[in-house]
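Remarks on the structure that follows.
The values are calculated or read from the model by the stated rules, or taken from the named source; none is laboratory data. All values reported here derive from a predicted model rather than from experimental measurement. The area values use the complete protein model at the heavy-atom level, side chains included, leaving out ligands, DNA and RNA. Shrake-Rupley method; radii C 1.70, N 1.55, O 1.52, S 1.80 Å.
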Amino acid sequence: LAAADRTGRALLVTAQRDAPASIELPGLTRAALDAIVAKYQDAVMALPEDESRWRVVLRDTLGWLYENVMGPTASGLGLRGRIALIPVGQLALLPLHAALAYADHAAAERITWQYAPNGRVLARHGELLTRPGRGKVLLALDEGQDGATRLRQVPQVAAAVRARVPDATVLRPGDATRDAVLAALPDHGVYHFNCHGQSDPADPFASHLQLADGRLTIRDLL
């Protein structure tokens, strides 16, 4: 999915087609996307103090994404199965998958979404799925600091994962340190982090998850 000066475009690659298909997205211009992203990011930064404003901006953002990006694109996919989204540029800052759920919850239930930064990484992901231990689940939990931003649903998340995957490895609050997580990653194939995190647009590799004793960056994971 990519924006451009005059019109955006979605390139669809599926197992059912011999060649990629292209869908024109007239509303996905760079100027329109810049405006949407700026408003969305501004509302995010105002949380948690101004949650009412955030809800309004989120609704408007999802509506715009559905009308100009996900609606036209998903209609070409048949709204079913596993779909990998590769958003280019600032599109990666928006909740693309949530736009379908906002407009058509039933359709969204028929799709399993994943994101990838590019096609090469997506292909590499397929290779990783064949590795031993790919089915083992690692759950890392950290509530964060006390106050308005503390994650208060950690016990519920742990119980939900345990109910679905009884043999999951659980690193509880305080135990989910950077070294403990890095040591556990190679022995597991599915990772679920319930913690705070932060993106760094200026240095994407410095974007990180906030664990019990510090940051786990994208650079660490790579």
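Per residue, the chain exposes 61 Å² of solvent-accessible protein surface, assessed with a 1.4 angstrom probe and all protein chains in place. Taking only the alpha-carbon positions of the range 59-108 and ignoring solvent, what does the Debye formula give for the base-10 log of I(q)/I(0) at q = 0.14, 0.23 Å⁻¹? Each listed q corresponds, in turn, to -0.31, -0.85.
Beta bridges per DSSP, both residues in the chain: antiparallel share near 50 percent.
Of the residues GLU143, GLU49, ranked by 1.4 Å probe accessible area with the largest first, the sequence reads GLU49, GLU143.
The order of HIS188, HIS105, HIS196 by accessible area, most exposed first and with a 1.4 Å probe, is HIS105, HIS196, HIS188. Once Rg and the Kirkwood radius are both taken over the C-alpha atoms of the range 180-222, their ratio Rg/Rh works out to 0.97. Each residue of the range 55-65 is assigned a 3J(HN,Hα), and the resulting list reads 5, 5, 5, 4, 4, 5, 5, 5, x, 5, 5 Hz, derived from the Karplus form 6.51 cos²θ - 1.76 cosθ + 1.60 (θ = phi - 60°), x at Gly and Pro.
Leaving out ligands, DNA and RNA, and with a 1.4 Å probe, what % of the accessible surface on the range 1-92 is carbon or sulfur? Ligands and nucleic acids excluded, carbon and sulfur give 53 percent. Entry note: the range 148-204 has Rg to Rh equal to 1.00, where both radii use alpha-carbon atoms and Rh is the Kirkwood radius.
Shown for the chain is the translational diffusion coefficient from the Stokes-Einstein equation, using the Kirkwood radius over Cα pairs, a temperature of 4 °C and a viscosity of 1.567 mPa s: 66 µm²/s.
For the range 1-129, pairs of C-alpha atoms spaced more than 21 angstrom apart make up 43 percent of the total.
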